[in-house]
Amino acid sequence: MLIAPMLIGHFPALLIFALMASLALACVTQRTAAERVKYAAWSLFLFVAIAVGIAWAMYPLSR
Amino acid sequence: MNESIAHETPASETSLTELPAKQDSTPIFVVLAAWIVPGMGHLLLRRWGRAIVFFIAVGGLAITGYFLRGNIFAPRGGDAFGALGFLADAGSGLFYFCARFFEAAGPDVSRAAGDYGTRFIAAAGVVNLISVCDAYEIATRRRN
């Protein structure tokens, strides 16, 4: 086994997913480097903000 | 008459005819390479930046999924969900075929992290399939 099983917290997992998806989408949808950086940063922000917003909205259901 | 036709030719068509006629890599070879090794299709087309980004994105998602001990769908899943899961997972090419190497302990979806891992592995495959489509479009000159 190359990699031992490791625990990754929910928020780091969210950040990794958001970063990788944002980079890939930026490369596919935008043409220039400046547009790609801007799109990736905005997409990353929206991924995280919406996920945290949904988490807060669901918080009363967990109690 | 000919002059009027020349004036009516859209700029996009003119730019397409100005592209070099000879190609180094055939589209089918680019598609296969892009699927088997994420980013390789773009590398063959000399799109270095995109090649690196796709390799990191697909590899990062897949390996994080294996870290989290996500479920890896086998070719014979038995139901429609399993078949779709296999298609998504197999999209990551090399990373799918090396899955047992990375995740020798097997999946553990009894925890939430394992369930997240399943989604990460599937997302890696989907991102690579998008990269394959992008490489195909570049190889056939539908985009730069």
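Taken together, the values in this text are just the output of simple stated rules run on the coordinates, not laboratory data. Because the structure is a prediction, the values reported are computed rather than measured. Here the Cβ is made from the backbone with ideal geometry for all residues, glycine too, and neighbour counts use every protein chain on show.
Between amide H atoms placed 1.01 Å from N, distances below 5 Å from B:Ser92 occur with B:Gly125, all of them 5 or more places distant or on a separate chain. Can you work out the PRE-style zone for B:Glu137? Point 7 Å along Cα to Cβ, and I want the residues of region B:28-46 with backbone N under 19 Å. Answer for region B:28-46: B:28-35, B:38-46. Roughly how tilted is helix A:33-58, in degrees to the nearest 10 and between 0 and 90, from the longest Cα axis of chain A? Here the helix axis deviates by roughly 20 degrees.
One Cα centroid belongs to region A:39-63, the other to region B:71-144; the line between them spans 25 Å. Shielding of peptide A:21-32 by partners, expressed as the average count of other chain Cβ atoms within 10 Å per residue Cβ, is 5.
Local charge for B:Glu103 was computed over the other residues whose Cβ lies under 14 Å away, with Lys and Arg +1 and Asp and Glu -1, and equals 0. Calculated [222 nm] ellipticity per residue, helices only, for chain A: -25500 deg cm²/dmol; basis is -39500 (n - 2.57) per DSSP H run with n ≥ 4, divided by all residues, nearest 500. Each Cα pair under 8 Å and six or more residues apart adds its separation to the average, and for region B:25-139 the resulting relative contact order is 39 percent.
Other residues within the sphere of radius under 15 Å centred on the Cβ of A:Gln30, judged by their own Cβ, net out at +3 (K and R +1, D and E -1).
Cα gyration tensor of region A:13-62, axes a ≥ b ≥ c as square roots of the eigenvalues: rounded (a/c below 1.5), prolate (a/b > b/c) or oblate? It is prolate, given that a/c is not under 1.5 and a/b is the larger ratio.
Its residues counted as N, region B:25-139 yields a C-alpha radius of gyration over 2.2 N^0.38 Å of 1.06.
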